């Protein structure tokens, strides 16, 4: 939905990080301390940390500053609680943008979205729960658009690389071939990282109705009233246990495709484990931009095993599925927690893994050249980072820089207001900010015969 995004220079802060005492919140706090607070205490970005307990906030602030080599006494702290709407509103009034890492979002997220819309503050989260996106869109999407507020979901590793690479790929195709790529495959070609107790809690907290199986779940339920959606005439790429692609070879099931392709639900003993895969999120992102990627856009994600071949892909997929099934059985899940295989809320990867992690993803699409009949254009976009765990260290960077796009570079952001994706709400300025902070991007084109 088009609107005039609010840019209130009178606010006390540019950014408030809500949930700064949790595992991911501490990483976001550390990122701001290291990147935007000087040794002398000068703020390059006006930010504050927020949470439910002042004591825990002080401890988290000291720890974040110690890791960043900064003085904690300079950083403002705000006490707010998701069960106290007045405290949320008071916090939101003080800042241009709120970053929240407080999950599961289905349990704790809605009051903050409501407060942001009411006081006209932009919002970023790391949600991995499609029903929460639907709920915020239906309840607050129209009012947020009217008030010039951007509610930006899925601002971490789960979706930003997929969302941004598709946007860059399609912009390149439209500029070069005058037509979008109507089918795109994204592969994780390199990755090392861990996961936190908060992620596990969000996954186990999910539940949904039968229609959440649909790859068009978000398009059917989470679009503005003035945006229409017609299901494509071509079949979508289904989620596969094993995949073979002419660009990537054999590929395995990719667990971080949550929130991108479609909703996959594994049900055992009345326990529901849901993961939202790429097509669902990416198609929603496209629809928010007026079906920019074409009405018959098809998308899938996979984990490339490079030269490992069929058996490597098979073993990887079996390992992922076995883990999901174990989490679905209550007794096995209890055992995984007891043996410290699954982390509890507030726990996460070791410092060594946080610092040594990395990732690389590549999206490939093809389109026919409008001005050259018989020719097709192959577009490839590679995005990656070698500076830390993608799900945590680099996710902190992604959500921080998404928020800073709105706080500092609103003139470069899209005009879209309401509930949306990073691509729809922010646009390519996010690439510029991430590139400046160590991400690398490669965009290649090649003409082929049809």
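Data table
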| item | result |
| --- | --- |
| Test: residue in region 374-390 that is under 23 Å from residue 133 (Cα atoms) and either touching a residue at least 40 places away in the same chain (Cβ under 8 Å) or crowded, with 24+ Cβ neighbours inside 10 Å (or both) | yes |
| Hits in region 113-157 - residues which are farther than 19 Å from residue 284 by Cβ and part of a helix (DSSP H, G or I) | 114, 115, 116, 117, 118, 119, 143, 146 |
| Single residue of region 111-134 satisfying the filter (over 21 Å from residue 5 (Cα atoms) and at pLDDT below 95) that is surrounded by the most Cβ atoms within 10 Å (Cβ to Cβ) | 126 |
| Per-region count, region 425-443, residues in contact with a helix residue (DSSP H, G or I) (Cβ under 9 Å, 6 or more places away or on another chain), part of a helix (DSSP H, G or I) and over 24 Å from residue 19 (Cβ atoms) | 4 |
| Positions within region 67-83 being in a helix (DSSP H, G or I) and touching a helix residue (DSSP H, G or I) at 6+ places or on another chain (Cβ under 8 Å), in sequence order | 67, 68, 72 |
| Inter-residue pairs, beta-carbon under 7 Å, first closer than 17 Å to residue 25 by Cα and in region 177-199, second modelled with pLDDT of 90 or more and part of a strand (DSSP E or B), 6+ apart | none |
| Residue 377 being modelled with pLDDT of 95 or more and either touching a strand residue (DSSP E or B) at 6+ places or on another chain (Cβ under 8 Å) or part of a strand (DSSP E or B) (or both) | no |
| Residue match in region 88-105 (condition: more than 26 Å from residue 410 (Cβ to Cβ), free of Cβ contacts under 8 Å to residues at least 12 places away in the same chain and part of a helix (DSSP H, G or I)) | no |
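Residue-wise test of (1) under 23 Å from residue 418 (Cα atoms); (2) more than 22 Å from the chain's Cα centre (by Cα).
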| site | (1), (2) |
| --- | --- |
| 22 | no, no |
| 28 | no, no |
| 45 | no, yes |
| 76 | no, yes |
| 118 | yes, yes |
| 123 | yes, no |
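The values are calculated or read from the model by the stated rules, or taken from the named source; none is laboratory data. Note that the structure is predicted; figures quoted are calculated from it, not measured. Virtual Cβ from ideal backbone geometry, glycine too; neighbours counted across all protein chains shown.
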